[in-house]
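Read the structure below first, then the notes.
No lab work stands behind these numbers, since they all come straight from the coordinates. Quick caveat, the model's predicted, so the values are computed rather than measured. A quick note on method: Cβ atoms are made from the backbone with ideal geometry, for glycine too, and the neighbour counts reach across all protein chains shown.
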Amino acid sequence: MAENVEVTRSHNTTPTAIPPTNNAHLLSSSNNSSSPSPNSSTHPSHPSLHHSPPPLHGHEATFVRPADLLRPRAISRPLTPARSDRPIDRDERAGLKAIRDFLRVRTCYEVLPLSFRLIELDVGLTVKESLNILVQCGIVSAPLWDSTTSTYAGLLTVTDYLNVVRYYNLHADKLKDIDSLLLSDLKDVEKVLNVKAPETLSVSPEAILYDALRKQLVSRARRIPLVSYDSDTQRTMVTSVITQYRILKFIAMNVKETDMLRKPLETIKLGTYGKIVRCSMDTTVLDVVDEMVTKNISSVPVVTTEGVLLNVFEAVDVIEILKTGDYGNLTWTVGKALSARSQNHPGIYCCSFEDGLDTIFETIKKSRVHRLMIVDDNNYLKGILSLSDILHYLLVEGHEEPNQA
Ligand code: AMP
């Protein structure tokens with residue numbers, strides 16, 4: 001059974017705030033961040049811009065930077081020409097091998113904490129009711145249960161709510177019926193939108209973790225429901241759902257060789273760099289939702305016109321808006337929506353091109369990270385590193401096994 005370690009908030013945070021709309025204010029204000037900034041240099045084209053945005057009225061966000069916090073800049077490794085026989089390359093290969101070996105002898109069940117709760121929702125519930133339950137329970141997804149057949153009926157995730165939003169945006173005449181939309185109707189919504197059913201993958205709790213992750217890579221699912229089959233009753237039963245974060249934390253806590261993964265992100269080309277979907281504080285939530293659905297991404301960075309990272313709009317932020325019950329609020333700007341975020345929001349996790357997965361695994365050990373924004377020393381957005389990117393690299397990079405799918 002996996003070690004059940006409570007995630008504690010990293011004390012190494014850099015408190016900053018997000019301006020709802022006014023970028024000029026950001027550029028001309030002084031940085032009064034209380035945490036030490038390892039690099040005080042300014043961007044050539046913005047001499048007054050400080051390392052982090054200054055606090056402003058409205059929603060406060062926190063930037064958490066492995067590059068700053070877990071390894072002093074001074075000992076960051078400089079980029080060197082690619083050579084496959086350097087110690088850093090050998091260590092990287094050995095680290096990846098250790099992780100894969102570990103995943104091959106562990107089952108999915110072992111990823112679960114010692115105690116956990118499972119909330120299943122009946123497909124006969126309305127979408128509105130399901131939203132209330134998720135909000136009350138503080139969760140963002142749940143397995144669905146079809147009580148007419150007593151079987152597992154898929155996974156409800158934020159993507160379903162994004163689809164609903166998009167559907168009613170395209171068919172405003174049907175909005176009057178939204179309160180009676182059932183979870184079982186979500187399939188019809190997918191058909192009308194011509195989008196694939198999200199998260200259809202499921203595996204047995206006894207499945208080898210490595211195999212389950214290979215399947216997850218193919219399906220692009222972000223969660224894996226653990227579903228067992230009872231041959232006596234010929235029925236399925238959900239044990240739990242494991243998330244990408246939970247899997248990466250399991251690796252971080254149990255494979256010490258993660259500290260051998262020191263090659264910089266830039267060298268291993270990990271993350272997405274070109275064609276990043278971004279928005280401004282003035283973009284409407286509806287437009288951002290559209291992008292998330294069509295591009296199948298779970299977050300959109302919020303940037304200034306110059307490309308400085310201010311915040312990140314996440315798919316789960318839509319739940320905060322929908323829980324008001326007023327779908328008209330989806331015309332809010334991103335700035336307004338972020339101001340309505342809970343005070344408990346953990347902040348935006350950032351890293352730099354020079355970081356290796358070693359520092360990122362250290363962060364994962366301590367904090368519930370869902371993605372990292374790759375920024376330069378002046379907070380210019382350079383790329384996005386999602387948990388799926390990391391898992392893909394762990395499983396696929398330099399892969400040498402002939403027998404694996
Ligand atoms: P995610 O859905 O966030 O797990 O990411 C799935 C893939 O899309 C990963 O390869 C990410 O690097 C990439 N990605 C995530 N967000 C964005 C974005 N806003 N723009 C472009 N690519 C993204």
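Has region 227-237 got any residue that is within 15 Å of the ligand (Cβ to nearest atom), among the small types (Gly, Ala, Ser) and closer than 28 Å to residue 250 by Cβ? Lay out the reasoning, then the answer.
Of region 227-237, the ones within 15 Å of the ligand (Cβ to nearest atom) are none.
The answer is no; no qualifying residue exists.
Give the residues of region 246-277 that are surrounded by fewer than 19 Cβ atoms within 10 Å (Cβ to Cβ), within 12 Å of the ligand (Cβ to nearest atom) and outside any strand (DSSP E or B), sorted by residue number.
Residues satisfying the conditions are 269, 273, 274, 275, 276, 277.
Just give me the residues in region 282-309 being in contact with a strand residue (DSSP E or B) (Cβ under 6 Å, 6 or more places away or on another chain), in a loop (DSSP other than H, G, I, E, B) and either within 29 Å of residue 157 (Cβ to Cβ) or within 10 Å of the ligand (Cβ to nearest atom) (or both), in sequence order.
Within region 282-309, just 282 meets the criteria.
Kindly indicate the residue of region 301-333 that is hydrophobic (A, V, I, L, M, F, W, C) and more than 23 Å from residue 127 (Cβ to Cβ) and also surrounded by the most Cβ atoms within 10 Å (Cβ to Cβ) among those meeting that condition.
Filtering region 301-333 for residues hydrophobic (A, V, I, L, M, F, W, C) gives 302-303, 308-310, 312-313, 315-316, 318-319, 321-322, 330, 332.
Going one step further and asking which of them are more than 23 Å from residue 127 (Cβ to Cβ), we end up with 302-303, 308-310, 312.
Working: 302: 25, 303: 22, 308: 21, 309: 25, 310: 26, 312: 28.
Going through the qualifying residues, I end up with 312.
Against the condition in a loop (DSSP other than H, G, I, E, B) and surrounded by 19 or more Cβ atoms within 10 Å (Cβ to Cβ), how does residue 355 come out, does it pass? Break it down stepwise before answering.
Values: in a loop (DSSP other than H, G, I, E, B): yes; surrounded by 19 or more Cβ atoms within 10 Å (Cβ to Cβ): yes.
Answer is yes for this residue.
Hey, among the residues in region 185-221 that are buried (at least 17 other Cβ atoms within 10 Å of the Cβ) and among the small types (Gly, Ala, Ser), which one's farthest from residue 108 (Cα to Cα)?
221
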